[in-house]
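A.B. asks: Take this structure, written in structure tokens, and hold onto it; I'll ask about it next.
The values are calculated or read from the model by the stated rules, or taken from the named source; none is laboratory data. Bear in mind that the values here come from a model prediction, so they are computed numbers and not experimental data. All Cβ positions, even for glycine, are placed from backbone atoms using ideal geometry, and neighbour counts span all protein chains on display.
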Amino acid sequence: MIGPVEYVIVRFPGNNFSGGIAPALAELIETNTIRIVDLIFVAKDADGETVGIEFDELEALAAFGELEGEVGGLITADDIAHAAANLEPNSSAALLIWEDVWASEFASAVRESGGVLVEGARIPHDLVEAAFADLPAST
């Protein structure tokens, strides 16, 4: 059974890669919330040239090498170009594809009951934060 699979692109201005998000990803993996399917880092230099970087190519990314579950091989050159399209020169991004393991049973139930996913999207954090701020305080 495979759960829903999604991708995220996380930008790092100034090409400042670090392993700072690796512990949070490791916890999500350990709690069986997600499974990393593929991961690559994308950098754009001062001249606008783009390169894909695997976690074992830079010491700053070593923490990502310890994440369990990467299948790899799904991210293509077109995906890297897409991730880099909105990057400013001298900035970088992480492109992650993961399986939402937590939703596997629900997704299977939807398919088995004849349901068809029509639409789904991630609501930007700033919009959610503003909406919650506008809610009356609970008593």
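A.B. asks: Inspect all residues belonging to region 39-53 and state whether any of them is within 24 Å of Ser104 (Cβ to Cβ), in contact with a Gly (Cβ under 9 Å, 6 or more places away or on another chain), of a type outside the set (Val, Ile, Thr) and surrounded by 15 or more Cβ atoms within 10 Å (Cβ to Cβ). Write out each step before concluding.
C.D. replies: Looking only at region 39-53, we keep the residues that are within 24 Å of Ser104 (Cβ to Cβ), and these are 39.
Subsequent filtering for residues that are in contact with a Gly (Cβ under 9 Å, 6 or more places away or on another chain) retains 39.
With of a type outside the set (Val, Ile, Thr) added as a condition, the list becomes 39.
Filter once more, keeping what is surrounded by 15 or more Cβ atoms within 10 Å (Cβ to Cβ): 39.
Yes, region 39-53 contains a residue that is within 24 Å of Ser104 (Cβ to Cβ), in contact with a Gly (Cβ under 9 Å, 6 or more places away or on another chain), of a type outside the set (Val, Ile, Thr) and surrounded by 15 or more Cβ atoms within 10 Å (Cβ to Cβ).
A.B. asks: Within region 56-68, is there a residue that is out of contact with any Phe, Trp or Tyr (no Cβ under 9 Å at 6 or more places or on another chain) and buried (at least 17 other Cβ atoms within 10 Å of the Cβ)?
C.D. replies: No, region 56-68 contains no residue that is out of contact with any Phe, Trp or Tyr (no Cβ under 9 Å at 6 or more places or on another chain) and buried (at least 17 other Cβ atoms within 10 Å of the Cβ).
A.B. asks: Among the residues of region 69-103, write down those that are in contact with a Lys or Arg (Cβ under 8 Å, 6 or more places away or on another chain) and assigned to a helix (DSSP H, G or I).
C.D. replies: Ala84, Val101
A.B. asks: Still on this structure, please answer the following. Just the residues that are outside any strand (DSSP E or B) and acidic (Asp, Glu), please, taken from region 32-68.
C.D. replies: Going residue by residue through region 32-68, those that are outside any strand (DSSP E or B) are 32-34, 45-49, 54-68.
Listed by number, the residues that qualify are Asp45, Asp47, Glu49, Glu54, Asp56, Glu57, Glu59, Glu66, Glu68.
A.B. asks: Would you confirm whether or not region 111-127 contains a residue that is modelled with pLDDT of 90 or more, within 22 Å of Asn32 (Cα to Cα) and more than 15 Å from the chain's Cα centre (by Cα)?
C.D. replies: Within region 111-127 (the criterion being modelled with pLDDT of 90 or more, within 22 Å of Asn32 (Cα to Cα) and more than 15 Å from the chain's Cα centre (by Cα)), the answer is yes, since at least one residue qualifies.
A.B. asks: Still on this structure: Please specify each residue of region 93-139 satisfying the condition of being loosely packed, with under 13 Cβ neighbours inside 10 Å and among the polar types (S, T, N, Q).
C.D. replies: Ser113, Ser138, Thr139
A.B. asks: For region 20-36, which positions are closer than 11 Å to Leu67 by Cβ and surrounded by 13 or more Cβ atoms within 10 Å (Cβ to Cβ)?
C.D. replies: The answer is Ile21, Ala22, Leu25, Ala26, Leu28, Ile29, Ile34, Arg35, Ile36.
A.B. asks: Can you tell me which residue in region 2-19 is modelled with the lowest pLDDT, limited to those that are part of a loop (DSSP other than H, G, I, E, B) and surrounded by 11 or more Cβ atoms within 10 Å (Cβ to Cβ)?
C.D. replies: As a first pass, look at region 2-19 and keep what is part of a loop (DSSP other than H, G, I, E, B): 2-4, 14-19.
Now restrict to residues that are surrounded by 11 or more Cβ atoms within 10 Å (Cβ to Cβ): 2-4, 15-17, 19.
On the way: Ile2: 84, Gly3: 89, Pro4: 92, Asn15: 76, Asn16: 76, Phe17: 73, Gly19: 76.
Selected residue: Phe17.
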